[in-house]
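Scroll down for the structure; my scribbles are underneath it.
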Amino acid sequence: MVAAAHRVRRKPEHIQLIAVSKTFPAKAIREAYEAGQRIFGENRVQEFAAKAPQLADLSGIDLHMIGHLQSNKARKAVELFHAVDSLDSVRLGNQLNAAAGELGKIVPVLIEINTGGEAAKSGLLIDWTEIEPVLSAAPAWSNLQIRGLMTVPPFTEDPEGARPYFRNLRDLRDEIAGKKLPNISMDTLSMGMSHDFEAAIEEGSTQIRVGTAIFGERAKKKGGLQ
Ligand SMILES: *Cc1c(COP(=O)(O)O)cnc(C)c1O
């Protein structure tokens, strides 16, 4: 992270590391916490609900929901996580805002963008007809703070393949920031994973999400990606 930041004359302390602990047990999270890590990412509400009771004593831990979230799990997500990095519809925003209000929380959120336009991925397309309704709804979400954008680009063996998608996300961030909309700050660009975080940092990422490179390979589950 430091080397990548220095290559483009960025300050390493401007880039946060989310340790993606999905599929790993609570004790792996505890071990990373004891080593100084504070921000963790999980992609399933139910899976994390099972680990959460074992982590209740870890003060200052910052838990992010980074996976697709169904509206009916919004309340549970607001109970379990400090931030939701995968807002992908007005409906989900409405549910998160209502849940945050009921629980007396202010929840930072990122808008997820499907930069590659892939059918299998969630997130809004880089298309104003998809993005504008979310931006217009945001001022009414008094219990949410829109902090920026998140993406998972199409997978390519060569991490350089992700670079154009990272650039597109950064350009979109700049464009939205330029509109100076109420209740929307665009200080966070969440992009870059184990195999492409260096390119992401070079392209302006402020938050990388790394699982495999910290915890090791995840067991492959039948029937799809984890
Ligand atoms: C699993 C996951 C990651 C981490 O992926 P690695 O390749 O293991 O670093 C990052 N972001 C999201 C949204 C994920 O689901």
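Observations, loosely collected:
- Complete set of residues in segment 47-70 that are surrounded by 14 or more Cβ atoms within 10 Å (Cβ to Cβ) and part of a helix (DSSP H, G or I): Glu47, Phe48, Ala49, Lys51, Ala52, Leu55
- Yes/no for Phe24 being in contact (Cβ under 8 Å) with a residue 24 or more places away in the chain, in contact with a helix residue (DSSP H, G or I) (Cβ under 9 Å, 6 or more places away or on another chain), surrounded by 15 or more Cβ atoms within 10 Å (Cβ to Cβ) and part of a loop (DSSP other than H, G, I, E, B): yes
- Meets criteria (at pLDDT 95 or above and either out of contact with any Lys or Arg (no Cβ under 8 Å at 6 or more places or on another chain) or open to solvent by 50 Å² or more (accessible area, probe 1.4 Å) (or both)) for Leu125: yes
- Here Glu102 clears all of (1) open to solvent by less than 70 Å² (accessible area, probe 1.4 Å); (2) over 21 Å from Glu132 (Cβ atoms); (3) among the acidic types (Asp, Glu) except the condition numbered (1).
- Test: residue in segment 165-181 that is within 16 Å of the ligand (Cβ to nearest atom), open to solvent by 70 Å² or more (accessible area, probe 1.4 Å), among the acidic types (Asp, Glu) and not in a strand (DSSP E or B): no
- Number of the exception - Tyr33 against (1) in a helix (DSSP H, G or I); (2) more than 30 Å from Glu198 (Cβ to Cβ); (3) more than 16 Å from the ligand (Cβ to nearest atom): (2)
- Pair list, Cβ < 6 Å and 6+ apart or interchain, from segment 188-210 residues that are in contact (Cβ under 8 Å) with a residue 12 or more places away in the chain and of a type in the set (Gly, Ala, Ser) to residues that are open to solvent by less than 10 Å² (accessible area, probe 1.4 Å) and within 8 Å of the ligand (Cβ to nearest atom): Ser190/Asp85; Ser190/Met150; Ser194/Val210
- Criterion violated by Ala213 - all others in (1) part of a helix (DSSP H, G or I); (2) over 16 Å from the mean Cα position of the chain (by Cα); (3) more than 16 Å from the ligand (Cβ to nearest atom) satisfied: (3)
- Scanning segment 66-100 for residues that are among the polar types (S, T, N, Q) and over 12 Å from the mean Cα position of the chain (by Cα) gives Gln70, Ser71, Asn72, Ser89, Asn94, Gln95, Asn97.
- Of all residues in segment 187-210, at least one satisfies being more than 16 Å from the ligand (Cβ to nearest atom), surrounded by fewer than 17 Cβ atoms within 10 Å (Cβ to Cβ) and over 13 Å from Ala162 (Cα atoms).
The values are calculated or read from the model by the stated rules, or taken from the named source; none is laboratory data. Note that this is a predicted model, so its numbers are computed, not measured. All Cβ positions, glycine included, derive from the backbone under ideal geometry; neighbour counts span all protein chains shown. We work out accessible area using only protein heavy atoms, side chains counted, and drop any ligands, DNA or RNA first. Shrake-Rupley method; radii C 1.70, N 1.55, O 1.52, S 1.80 Å.
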